[in-house]
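The numbers here are math on the coordinates, done by the rules we state, and not lab data. Quantities reported herein were computed from a predicted structural model and do not represent experimental measurements. Cβ atoms come from the backbone with ideal geometry, glycine included; neighbour counts cover every protein chain shown.
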Amino acid sequence: MCVPGFSPGTSVPAAERSHSQLAAALDYIRSHLEIWEVIFTGGDPLIMAPDRLRPILRALDGIEHVKVIRFHTRVPVVDPDRVTEDLVEALTMDTPVWVVMHTDHSQEIGDDARRALRLLAGSGIPLVSQTVLLKGVNGSPEALEDLFRTLIVNRVKPYYLHHGDLAVGTSHFRTTIGEGQALARSLRGRVSGLCQPTYVLDIPGGHGKVPIGPTYLNGDGTVTDPWGTDNYAATRTPVTTAGVLLNIIPVFGLAFAVALLGERIDGWQYVGAALILAGIFLFSEIPAADADG
């Protein structure tokens, strides 16, 4: 689509206004030392020509407190021919540039998209993905598994699985949060940890994203494994017993020193070892509930 040089109702060229706005944005970033990361989003920032991106990125690269630059884009899957050596060169500099690719189904990642991702990843640009959970598109364990495995094979780490926003006209795509949690749970144990994104909700009103994935820790101290079986998170050893067992470590060290290293021990060391062993014997005779009070 052609971008006009003038906007209706103004005599100021759009390019001139864009330049002044960019200069103001860079000045703002320079003057706010708390800015650690700069995010390019849109629209889609990677539809900009490399010659336009390059001076912006070089300016950011020169700001000491900016440590990370991030691009959010669908270009690698919807217009992969834009991913060229020239673009990659523009994105390559001392400040790390991360590319977050938005994709919702494995069928979007065809041969051209794979080539684009290979070019980006092969140039050392870290790649992660964001996916919106969409009923009827990727709202099944099989579809999500296929997508996330395809991403990993193409060196893209699944980053976020978004719960559908309350956008007008999209209700037919939205799952419930419970359905989304069930889908996220179905992936655990089905695919490797590399394939696991974080299931998140973007809180309406601009309050940020929060994880809303399933929980595996139960109120009774058990943990549910990926196959639905409850297990204790740790062996339920009474605190007093655990303390005695820790104290026996010096006895083993003493025995090792005598048996293998030929060291000699004095009377006090014998007394200490005897006390520890006596304590273990005494506590072994007390029921666990009594020993813990």
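Structure above, values below:
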| quantity | calculated |
| --- | --- |
| Two-decimal Rg to Rh for the stretch 15-230 - Kirkwood Rh, Cα set | 1.01 |
| Ascending count of other beta-carbon atoms within 10 Å, so fewest first, for Thr92, Thr131 | Thr92, Thr131 |
| Relative packing of 53-65, 180-192, which averages over residues the other C-beta atoms within 10 Å, highest first | 180-192, 53-65 |
| Inter-site label distance for Asp61 and Ala278 at 7 Å from Cα along Cβ, in nm | 7.4 |
| Mean Cβ neighbour count within 10 Å, used as a protection proxy, ranking 39-52, 75-88 highest first | 75-88, 39-52 |
| Simple spin-label estimate for Thr224 and Ala182 in nanometres, 7 Å along Cα-Cβ | 1.2 |
